[in-house]
Amino acid sequence: MSMDTPFDTNLETLERLRAEAAAAGGAEKLKIQHEKGKLTARERIELLFDDGSFEEFDALKTGRGGALGDERSYPGDGVITGHGAIDGREVFVFSQDFTVVGGSLGEAHAQKICKVMDLAVRVGAPIIGLNDSGGARIQEGVDALAAYGEIFHRNVRASGVVPQISCIMGPCAGGAVYSPAITDFVFMVQDSSCMFVTGPSVVKTVTHQEISAEDLGGAVVHGKKSGVVHFTAPNDVLCLREIRRLFSYLPSNNRQRAPLLDLRDPANRVDPALDYLIPDNPNQTYDMNILIYSILDGAEFMEVQPGFARNIICGFGRLGGQTIGLVANQPAVLAGVLDNDASVKAGRFVRFCDAFNIPLIALVDVPGFMPGPDQEHGGIIRHGAKLLYAFTEATVPRISVIVRKAYGGAYLVMNSKHIHCDVNYAWPTAEIAVMGPKGAAEVIFRKEIHSADDPEALLNEKINHYRRTFANPFLAAQRGYIDDVIFPRDTRHRLIRTLQVLEGKTAKGPERKHGNIPL
Ligand code: HXC
């Protein structure tokens with residue numbers, strides 16, 4: 001890109017440079033981008049923001065070229081940066097342009113990203129990264145690696161200050177995956193994107209395994225198995241729409257509250273069907289989503305990581321117009337037990353909500369932690385401790401509703417009174433106990449049962465006795481461990497009233513640099 005020609009005025013030079021930047025990698029590369037089913041970096045920005053609200057920075061910035069003797073300089077250096085509005089609220093963005101050197105990240109490219117990240121933190125606005133890049137620009141060597149480090153540094157400094165969202169809309173390899181991994185939520189487009197630390201060719205060289213990019217790090221793998229990705233979408237357009245939807249639930253920074261949105265759903269709406277949600281047989285499952293969609297405003301719920309660790313449900317909804325973070329056991333999957341993945345998934349979600357002033361509500365039906373060597377050897381002790389730690393340290397308003405099982409350590413972990421949730425309720429169907437009736441009877445009456453004439457009859461008698469004594473919420477209510485036993489149909493109303501009363505909650509922990517969550 002030359003700065004001027006002999007006869008250009010400055011105005012003409014500006015027009016020409018702008019046009020060069022807008023042309024990006026040229027018509028042929030833009031065509032290839034579309035043929036891959038991907039939008040261009042600029043088209044994505046247009047769809048992400050309110051009409052006409054995008055303002056670009058550094059369109060004219062170019063790089064210095066690389067040590068490999070690449071003398072070309074690229075208008076905009078392969079990334080578009082600036083700010084725009086989502087539903088009228090300002091957000092900073094960088095959108096990598098794959099048509100320019102494969103969107104690879106060089107020094108100037110990274111400086112542009114760092115500039116908007118710095119501004120985002122300074123003004124308290126969220127930052128969204130639209131990633132479509134071949135990773136560190138190979139020609140720039142260590143300068144490209146240093147540049148990545150600057151971005152990681154800013155990701156960490158911005159964590160818990162402004163929401164950071166990453167969207168994977170093309171390849172994302174090597175160290176490039178670690179910036180998205182630090183951010184709060186990762187979106188991924190199916191089929192056209194992938195994420196891995198080392199790609200299929202390196203995998204083959206090192207481990208002799210043949211695997212496609214999709215199977216190694218596609219959206220399905222990361223949405224269901226690894227838990228790296230929080231939301232997946234079938235294409236760029238729907239993905240960008242989902243990012244806008246997520247933003248409707250979030251504040252712009254850690255000093256603000258999420259915007260109120262009145263969906264015109266009466267606060268005192270009761271749902272009599274909830275009185276019959278819990279099956280008579282305690283071993284029978286039901287779908288926790290019925291409760292979730294029943295109580296939330298307008299039956300609107302944005303589930304986070306819906307395909308990963310499905311035995312726990314996390315997501316955003318509204319009660320009385322206010323955003324809440326919801327964590328619910330799902331009895332329909334693995335009976336709703338807490339396992340390694342569920343603990344980590346919910347722990348991170350709880351910490352996000354706490355960092356950004358979003359009240360937490362737990363809907364509890366948990367039979368315990370998943371037993372067995374797989375889970376024990378996989379670290380259920382330290383992973384379960386993450387969720388315990390996250391709920392315990394959270395200072396936002398915290399409410400729990402125990403709808404059925406609340407057994408043992410898992411009961412304590414799931415935002416119980418004993419780790420200082422603010423208000424908790426139980427349905428009449430709640431069973432709060434050290435363990436389930438059968439396991440308990442077998443442990444405490446083992447000798448009697450073994451020596452009985454009819455061991456099975458005695459076991460059943462002991463189970464029933466235990467159930468009558470412990471498998472209800474009344475003993476806990478007598479102790480004051482439950483603030484009220486409520487009719488299921490009133491759950492929505494009670495939660496909205498409780499959120500109102502907790503509005504002014506203040507909580508300050510002891511002075512310290514930071515706690516030491518069991519990572
Ligand atoms: C420089 C790159 C590049 C890179 C792609 N290009 N990646 N240029 N540095 N990292 C260029 C290509 O040379 C090509 O230029 C153009 O971008 C488009 O690339 P293609 O290969 O033609 O596209 P496609 O077939 O779609 O393949 C995309 C790709 C592949 C899968 C991303 O290009 C690829 O594997 N790139 C290398 C990925 C990688 O290993 N990156 C380094 C990761 S390590 P022309 O001029 O021909 O159009 C890393 C370390 C970070 O990132 C560490 C941080 C701590």
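The values are calculated or read from the model by the stated rules, or taken from the named source; none is laboratory data. Just so it is clear, the structure is predicted and the values come from calculations on it, not from any experiment. Quick reminder, even Gly has a Cβ in these numbers, built from the backbone with ideal geometry, and neighbours come from all protein chains shown.
Filtered by the rule that a residue be touching a strand residue (DSSP E or B) at 6+ places or on another chain (Cβ under 9 Å) and in a loop (DSSP other than H, G, I, E, B), region 284-326 gives 286, 296, 300, 305, 306, 307, 311. Could you identify the single residue in 459, 502 that is more than 19 Å from residue 432 (Cβ to Cβ) and surrounded by 18 or more Cβ atoms within 10 Å (Cβ to Cβ)? Within the list 459, 502, the selection yields 459.
Quick check on residue 175: is it in a loop (DSSP other than H, G, I, E, B), within 15 Å of the ligand (Cβ to nearest atom) and of a type outside the set (Asp, Glu)? So residue 175 fails the test.
Against the conditions (1) within 16 Å of the ligand (Cβ to nearest atom); (2) closer than 26 Å to residue 155 by Cα; (3) crowded, with 21+ Cβ neighbours inside 10 Å, residue 24 satisfies every one except (2). Candidates in region 129-151 are the residues that are among the aliphatic types (A, V, I, L, M) and not in a helix (DSSP H, G or I); of these, the one that is nearest to the ligand (Cβ to nearest atom) is 136.
Selection of region 87-104 for residues being at pLDDT 95 or above and among the aliphatic types (A, V, I, L, M) yields 91, 93.
In this structure, is residue 188 buried (at least 23 other Cβ atoms within 10 Å of the Cβ), away from the ligand (no atom under 12 Å from the Cβ) and more than 16 Å from the chain's Cα centre (by Cα)? No, not satisfied.
Would you check if there is a residue in region 62-79 being out of contact with any helix residue (DSSP H, G or I) (no Cβ under 8 Å at 6 or more places or on another chain) and either in a helix (DSSP H, G or I) or closer than 23 Å to residue 118 by Cβ (or both)? The answer is no, given that none of the residues of region 62-79 is out of contact with any helix residue (DSSP H, G or I) (no Cβ under 8 Å at 6 or more places or on another chain) and either in a helix (DSSP H, G or I) or closer than 23 Å to residue 118 by Cβ (or both). Which count do you get for residues in region 363-394 that are in a loop (DSSP other than H, G, I, E, B) and either without any contact (Cβ under 8 Å) to a residue 60 or more places away in the chain or of a type in the set (Asp, Glu) (or both)? Qualifying residue count for the region: 6. Restricting the first member to region 120-137 and to residues that are under 30 Å from residue 259 (Cα atoms), and the second to residues that are surrounded by fewer than 24 Cβ atoms within 10 Å (Cβ to Cβ) and of a type in the set (Asp, Glu), the beta-carbon pairs closer than 6 Å and six or more apart or on different chains are 125/90. Might you let me know whether region 221-238 holds any residue that is without any contact (Cβ under 8 Å) to a residue 60 or more places away in the chain, in contact with a strand residue (DSSP E or B) (Cβ under 8 Å, 6 or more places away or on another chain) and under 20 Å from residue 49 (Cα atoms)? Yes; the residues of region 221-238 include at least one that is without any contact (Cβ under 8 Å) to a residue 60 or more places away in the chain, in contact with a strand residue (DSSP E or B) (Cβ under 8 Å, 6 or more places away or on another chain) and under 20 Å from residue 49 (Cα atoms).
Candidates 495, 412: the one that is surrounded by 15 or more Cβ atoms within 10 Å (Cβ to Cβ) and touching a strand residue (DSSP E or B) at 6+ places or on another chain (Cβ under 6 Å) is 495.
Quick check: is even one residue across region 154-162 within 21 Å of residue 38 (Cβ to Cβ), without any contact (Cβ under 8 Å) to a residue 40 or more places away in the chain and surrounded by 16 or more Cβ atoms within 10 Å (Cβ to Cβ)? No, because not a single residue in region 154-162 is within 21 Å of residue 38 (Cβ to Cβ), without any contact (Cβ under 8 Å) to a residue 40 or more places away in the chain and surrounded by 16 or more Cβ atoms within 10 Å (Cβ to Cβ).
Residue by residue through region 125-153, note down the ones that are crowded, with 23+ Cβ neighbours inside 10 Å, acidic (Asp, Glu) and more than 30 Å from residue 254 (Cα to Cα). Across region 125-153, the qualifying residue is only 140. Residues in region 352-362 that are part of a strand (DSSP E or B) and buried (at least 24 other Cβ atoms within 10 Å of the Cβ): 361, 362.
Screening region 85-112 for residues that are of a type in the set (D, E, K, R) and assigned to a loop (DSSP other than H, G, I, E, B) and picking the one that is nearest to the ligand (Cβ to nearest atom) gives 97.
Note on region 204-251: residues that are closer than 20 Å to residue 45 by Cβ, touching a Gly at 6+ places or on another chain (Cβ under 9 Å) and either at pLDDT below 95 or assigned to a helix (DSSP H, G or I) (or both) amount to 1.
What number of residues within region 266-298 satisfy the criterion of being touching a Leu at 6+ places or on another chain (Cβ under 8 Å) and surrounded by 16 or more Cβ atoms within 10 Å (Cβ to Cβ)? Matching residues across region 266-298 total 10. The one condition from (1) in contact (Cβ under 8 Å) with a residue 12 or more places away in the chain; (2) more than 30 Å from residue 255 (Cβ to Cβ); (3) near the ligand (Cβ under 9 Å from one of its atoms) that residue 201 does not meet is (1).
With respect to (1) within 16 Å of the ligand (Cβ to nearest atom); (2) closer than 21 Å to residue 217 by Cα, the lone exception for residue 167 is condition (1).
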